[in-house]
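Structure provided below as structure tokens; questions to follow.
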């Protein structure tokens, strides 16, 4: 069950964060922040391997007793993180990939909007609605 | 239960096979002490893993319980017995060794060997029912013989074995007088080790044999216990793989047990113990994945098995213990070389341990708060005794040795747990546990490249400190964390941390910290409602009026805080500064950009400075003053605002301030920098908000500025943090008059005219003239020397006037040369009502072209002006110098001076032919000197030099100065000298007439010291008939002449060839005659003998007269 979806800018500032349970938002902010460590490490490792074409989907970032975090990095270094409940084993890798693809498309569309400055916190309502929908559907 | 949470020492230690030594009287017998020491001394690592214990001869071992014939009616009361492990580690040896002093040839052999047998028998009785093996070691003084030769020894050994009922392999002889005691004991040890292994093997077999008698319904505990024991025996015999297998089985049996509220605690505790063995051995067997997987399933199985709802805190305590135990095992394995990765390392387990410890504390406090006071008073902690006294691990003190399936008495159960809860609440330092676990986790995450995870853990640590009222620690931790989250714009965590800080600062009575956090909380970046911000803002303003902020709504004890605040306020005098906040390191509610309006200001200009301020707080604010500090504090009075009306801000208002001042003289040429902009606020107490800009980056619109500069407000303002104060611009003009190009070596006059265009008089004017070229010189007098620079001075030059100088430059090389003129002066100027002396500088550069003035070409010629290749000895010749004027100006020559080598004699010619001569551009003149070489032979000589003194002929413009002549010197070419072997002198009229005879005399002179023989040939030609010797052989003595006379009769007119003379060396000459080379002779002839002559035709009239005359 995806409990939280977050977008992190290329300079590691939070762009957008939405979670199912509003009361846990602060905690997810902290968790999202810690995910940057693992994303950075994965990027370094994929850079070391030297292939030009980098897989955007990073896979499982880490899992703790409570949550599992999955990561995705766009070519512009915008990080997308999906956090799911550790007890949930229904969500498969494929489905997570699919969610990431949808999120990536949504972000691409957002960036196409000339009124949005890349790097600013995302306030678009339609974008928010889309993420909410994904959260709801994956749960 | 809490004491059983800690793993018992016997579980954690590495089990070593126990060998008991007896019969050694260590206190009285030196030899025995030596033997004992040799067993227990150093290098345990390299020796078999054994643990030696010394028992007295009369030591009583724990009595073994008799084996059960049948388990049918037996129901075990617990899973693992508390004493069993330590009993086998420390009390019941695998092998017991009896040391006995007995020589083979002992005279009282009989008696002694009976005593020995008796001793063995006694010990055997004591260890009845144990698998312990017995050994006998005979201590002998004599050196051992090979056993086959010592028949007595063999016989007696066999007899001894028989009487003691020992197998022959259990009898050893130790020569204790030997120097190689250590070697013997080592061999004994390996023998003991083998015996131990077989002893433990037997024990485990014995336990296994019980299995058939057990049934699943009643003996679940025994399945677990027996497998554990077998595993432990295997561990004692160092069979790690088998031990791991049996421990795993034991664990599997444990999970099959029926778990009820009554036994859940025991099962959890024991599962933790067995799990510990399983995980530890998995790591030891290099199966870390298996260990982790096993641990995870362990946690999954027990996570929700709380048991009694009251014992929630116990459950969390147990979970925390599991995580931290596993974390430590993992960490130990890493220390032994197991590689860990970022996503799988002990930190995660420590983190969970901390989480569970936090939960434990929470549950404990909650449940404790729910208790009624009377219930607490009625209980005495430890009413039921310590659980460590119980027979089985993990059982309840109030329910000892009760079968788990018996229904429990709920009242006792609840009372017991309540007693534990009270003890937990009042006696256990939970904060230390949480912080300890967090510290462990922090270290791990730091090692595994997860700085942000580390930050998150530190946040939790700070929160824990705050909860445990350790506010100082919390604030210390908080400070760097705030920066970490602020730096990447994580505003929500930042807000939460600030609130935590605010709370800590409030509860510990610290106005400065409270104020700082409040300022940041009021800024626009924090995620708080306007209402909350307004509330915080009111508190912040209140502090400056010595008003204590209201307590946070959830804070329970604010009485002490109130007192602290009152004390703090009392200690602060009126107007005292409570804090200075550096606002550009936090996201403050005031954002400042301070900039100079220009990159550079001239010294006489007014320096302009702008400060732009945006205020983003929730309510209007009024600052007391604003200061801009520059790197020179002298400007402070010009850069401040004190009128507080101008410092009143509405929320989100932007104000601009402009400052002007005149740069001071000592700042000219330096950089002025804006160091900080400071706001002062409050009057009862004051606080300063300072925006610093130590480097231009910090004021620049980059990321480092807080809060994000991309937002509206001051975003568009470009910041110039520093400005340069330039020297005053000079307002004078220097005109240089000269006649280019300069001539090389010439004393070249430059006429300088300085025009003062300033409005004021200028004083202390100095003009420095410098040549850039290394072989150029300048001088203020017309002299042919000087330095690379010259300085000219003038005390004062009134406005609008000029002054003039002459300087003279001399360039030694042709080409372009730079001459720099630098004018320095001072001027007194009135600026903003204070007179100030400024220094000004004016620089002008002149590029001067320099050309070669004259060209001189020297040549040596015969006296007939025929070119000479060699200078003949003893003859006169001339040196001709051709001087060409290459310069564009007419040149006047003073004189040309020859300077010849001393070998050459100069025939004085009076004045130089060039003296006073003026050559126009391109004209040439010759200077001639006659000279002769008196003696010498054939060699190369340096002929000398020629110096020409010259100047421009029209240089009359430089008034008051007489320009000296410049001298140009030229080297004459190097020449060969030639001592001529023959000198031929031909006497011939200047011209002849056709058909009129003329005389030719040829004198051949021999200047050398030797006799010469020559053949002379005179050939005829078409132009002449001649009379005289046509062919003759002549001999000439040294210093002698030979004269040949010819009468020539010209036949043709014109420039006709004379009959050619030819000299040859005779083919047959005598030895003493110097043979001359034909080529030399030919050259001599061609040199001295004219080849042609003008023959005039006969005039007809004249011809008649001539004819008449001849008649």
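Which residues, counting only those in segment B:15-32, are outside any helix (DSSP H, G or I) and either touching a residue at least 24 places away in the same chain (Cβ under 8 Å) or in the same structural domain as residue B:329 (by TED's automatic domain parsing) (or both)? If you could, list the steps in order and put the result at the bottom.
Filtering segment B:15-32 down to residues outside any helix (DSSP H, G or I) leaves B:15-29.
B:15, B:16, B:17, B:18, B:19, B:20, B:21, B:22, B:23, B:24, B:26 - these are the residues of segment B:15-32 that are outside any helix (DSSP H, G or I) and either touching a residue at least 24 places away in the same chain (Cβ under 8 Å) or in the same structural domain as residue B:329 (by TED's automatic domain parsing) (or both).
Next question, about the same structure. Just wondering, is there one or more residues in segment B:308-330 that are at positive phi, more than 11 Å from every other protein chain (Cβ to nearest Cβ) and at pLDDT below 95?
Step one: of segment B:308-330, the residues at positive phi are none.
The answer is no, given that none of the residues of segment B:308-330 is at positive phi, more than 11 Å from every other protein chain (Cβ to nearest Cβ) and at pLDDT below 95.
Here is a list: B:963, B:984, B:1002. Which entry is surrounded by 15 or more Cβ atoms within 10 Å (Cβ to Cβ) and in contact with a helix residue (DSSP H, G or I) (Cβ under 6 Å, 6 or more places away or on another chain)? Write out each step before concluding.
On the way: B:963 fails: in contact with a helix residue (DSSP H, G or I) (Cβ under 6 Å, 6 or more places away or on another chain); B:1002 fails: in contact with a helix residue (DSSP H, G or I) (Cβ under 6 Å, 6 or more places away or on another chain).
So the residue among B:963, B:984, B:1002 that is surrounded by 15 or more Cβ atoms within 10 Å (Cβ to Cβ) and in contact with a helix residue (DSSP H, G or I) (Cβ under 6 Å, 6 or more places away or on another chain) is B:984.
Looking at the structure I just gave you, is residue B:460 under 30 Å from residue A:121 (Cα atoms), in the same structural domain as residue B:357 (by TED's automatic domain parsing) and within 39 Å of the chain's Cα centre (by Cα)?
On the way: under 30 Å from residue A:121 (Cα atoms): yes; in the same structural domain as residue B:357 (by TED's automatic domain parsing): yes; within 39 Å of the chain's Cα centre (by Cα): yes.
Yes: the conditions hold for residue B:460.
Follow-up. How many residues are under 20 Å from residue A:85 (Cβ atoms) and within 11 Å of chain B (Cβ to nearest Cβ) when one looks only at segment A:17-38? Reasoning before the result, please.
Just the residues of segment A:17-38 that are under 20 Å from residue A:85 (Cβ atoms), to begin with: A:17-35, A:38.
Then keep just the ones that are within 11 Å of chain B (Cβ to nearest Cβ); that gives A:17, A:25-35, A:38.
Matching residues across segment A:17-38 total 13.
Assuming residue B:922 fulfils every condition listed in (1) at pLDDT below 80; (2) at positive phi apart from one, which condition is it?
Only one criterion in (1) at pLDDT below 80; (2) at positive phi is unmet by residue B:922, namely (1).
Separate question: Give the residue that is surrounded by the fewest Cβ atoms within 10 Å (Cβ to Cβ), with candidates limited to residues of segment A:95-111 that are under 13 Å from residue A:71 (Cα atoms) and either in contact (Cβ under 8 Å) with a residue 12 or more places away in the chain or in contact with a strand residue (DSSP E or B) (Cβ under 9 Å, 6 or more places away or on another chain) (or both).
Step one: filter segment A:95-111 for residues under 13 Å from residue A:71 (Cα atoms), giving A:96-101, A:103-104.
In the following step, the residues that additionally are either in contact (Cβ under 8 Å) with a residue 12 or more places away in the chain or in contact with a strand residue (DSSP E or B) (Cβ under 9 Å, 6 or more places away or on another chain) (or both) were identified as A:96-97, A:99-101, A:103-104.
On the way: A:96: 20, A:97: 15, A:99: 23, A:100: 22, A:101: 13, A:103: 23, A:104: 17.
Per the stated criteria, the residue is A:101.
For the subset of segment A:7-16 comprising residues that are in contact with a helix residue (DSSP H, G or I) (Cβ under 8 Å, 6 or more places away or on another chain) and facing chain B (nearest Cβ under 8 Å), which member is surrounded by the most Cβ atoms within 10 Å (Cβ to Cβ)? Steps first, please.
So the first thing to find is which residues in segment A:7-16 are in contact with a helix residue (DSSP H, G or I) (Cβ under 8 Å, 6 or more places away or on another chain), and the list is A:7-8, A:12, A:14, A:16.
Next cut, facing chain B (nearest Cβ under 8 Å) only: A:12, A:14.
Values: A:12: 17, A:14: 22.
Ranking the qualifying residues of segment A:7-16, first place goes to A:14.
Tell me, please, whether a residue that is exposed (fewer than 12 other Cβ atoms within 10 Å of the Cβ) and modelled with pLDDT of 80 or more can be found in segment B:1049-1071. Explain how you work it out, then say what you get.
Taking segment B:1049-1071 and keeping what is exposed (fewer than 12 other Cβ atoms within 10 Å of the Cβ), we get B:1055, B:1067-1068, B:1070-1071.
Subset that is modelled with pLDDT of 80 or more: B:1055.
Taking every residue of segment B:1049-1071 in turn, at least one turns out to be exposed (fewer than 12 other Cβ atoms within 10 Å of the Cβ) and modelled with pLDDT of 80 or more.
Which residue out of B:790, B:858 is surrounded by 17 or more Cβ atoms within 10 Å (Cβ to Cβ), in a strand (DSSP E or B) and in the same structural domain as residue B:947 (by TED's automatic domain parsing)? First the steps, then the outcome.
Numbers: B:790 fails: in the same structural domain as residue B:947 (by TED's automatic domain parsing).
One residue alone meets the criteria, B:858.
Still on this model: Would you tally the residues in segment B:448-463 being part of a helix (DSSP H, G or I) and either surrounded by fewer than 16 Cβ atoms within 10 Å (Cβ to Cβ) or touching a strand residue (DSSP E or B) at 6+ places or on another chain (Cβ under 8 Å) (or both)? Please lay out each step first, then the result.
First, the residues of segment B:448-463 that are part of a helix (DSSP H, G or I): B:451-463.
Imposing the further condition that a residue be either surrounded by fewer than 16 Cβ atoms within 10 Å (Cβ to Cβ) or touching a strand residue (DSSP E or B) at 6+ places or on another chain (Cβ under 8 Å) (or both) reduces the set to B:451.
So the count comes out to 1.
Out of the helices (runs of 4 or more DSSP H) lying entirely within segment B:151-244, which hold 3 or more residues that are surrounded by fewer than 16 Cβ atoms within 10 Å (Cβ to Cβ), on the phi > 0 side of the Ramachandran plot and at pLDDT below 85?
Working: elements: B:151-164, B:181-209, B:220-236.
Fully inside segment B:151-244 and qualifying: nothing.
Within segment B:530-537, is even one residue touching a helix residue (DSSP H, G or I) at 6+ places or on another chain (Cβ under 6 Å) and over 24 Å from residue B:571 (Cα atoms)? Before you say what the answer is, go through the steps one by one.
Narrowing segment B:530-537 to residues touching a helix residue (DSSP H, G or I) at 6+ places or on another chain (Cβ under 6 Å): B:536.
From what is left, the residues that are over 24 Å from residue B:571 (Cα atoms) are none.
No, the conditions are met nowhere in segment B:530-537.
Among the residues of segment A:39-58, count how many are more than 8 Å from chain B (Cβ to nearest Cβ) and either crowded, with 17+ Cβ neighbours inside 10 Å or at pLDDT 90 or above (or both).
Adding up the residues that qualify gives 5.
Residues checked against (1) without any contact (Cβ under 8 Å) to a residue 24 or more places away in the chain; (2) within 17 Å of residue B:133 (Cβ to Cβ); (3) crowded, with 19+ Cβ neighbours inside 10 Å:
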{"site": "B:48", "(1), (2), (3)": "no, yes, no"}
{"site": "B:53", "(1), (2), (3)": "no, yes, no"}
{"site": "B:56", "(1), (2), (3)": "no, no, no"}
{"site": "B:73", "(1), (2), (3)": "yes, no, no"}
{"site": "B:77", "(1), (2), (3)": "no, no, no"}
{"site": "B:80", "(1), (2), (3)": "no, no, yes"}
{"site": "B:99", "(1), (2), (3)": "no, yes, yes"}
{"site": "B:106", "(1), (2), (3)": "yes, no, no"}
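Checking residue B:266 against (1) in a helix (DSSP H, G or I); (2) out of contact with any helix residue (DSSP H, G or I) (no Cβ under 6 Å at 6 or more places or on another chain); (3) not assigned by TED's automatic domain parsing to the domain that holds residue B:329, which test does it fail?
With respect to (1) in a helix (DSSP H, G or I); (2) out of contact with any helix residue (DSSP H, G or I) (no Cβ under 6 Å at 6 or more places or on another chain); (3) not assigned by TED's automatic domain parsing to the domain that holds residue B:329, residue B:266 is out only on (3).
I'd like the residue in segment B:464-476 that is surrounded by fewer than 20 Cβ atoms within 10 Å (Cβ to Cβ) and in a helix (DSSP H, G or I) and, out of all such residues, is farthest from the other protein chains (Cβ to nearest Cβ).
Among residues in segment B:464-476 that are surrounded by fewer than 20 Cβ atoms within 10 Å (Cβ to Cβ) and in a helix (DSSP H, G or I), the one farthest from the other protein chains (Cβ to nearest Cβ) is B:472.
Right, here's the next one. Against the definition (surrounded by 19 or more Cβ atoms within 10 Å (Cβ to Cβ) and either modelled with pLDDT of 80 or more or under 60 Å from the mean Cα position of the chain (by Cα) (or both)), how does residue B:121 come out, yes or no? Talk me through it step by step, then tell me what you get.
Details: surrounded by 19 or more Cβ atoms within 10 Å (Cβ to Cβ): no; either modelled with pLDDT of 80 or more or under 60 Å from the mean Cα position of the chain (by Cα) (or both): yes.
No, not satisfied.
The values are calculated or read from the model by the stated rules, or taken from the named source; none is laboratory data. Computed from a predicted structure; not experimentally measured. Methodologically, a virtual Cβ is constructed for each residue, glycine included, from the backbone with ideal geometry; neighbour enumeration extends over all protein chains shown.
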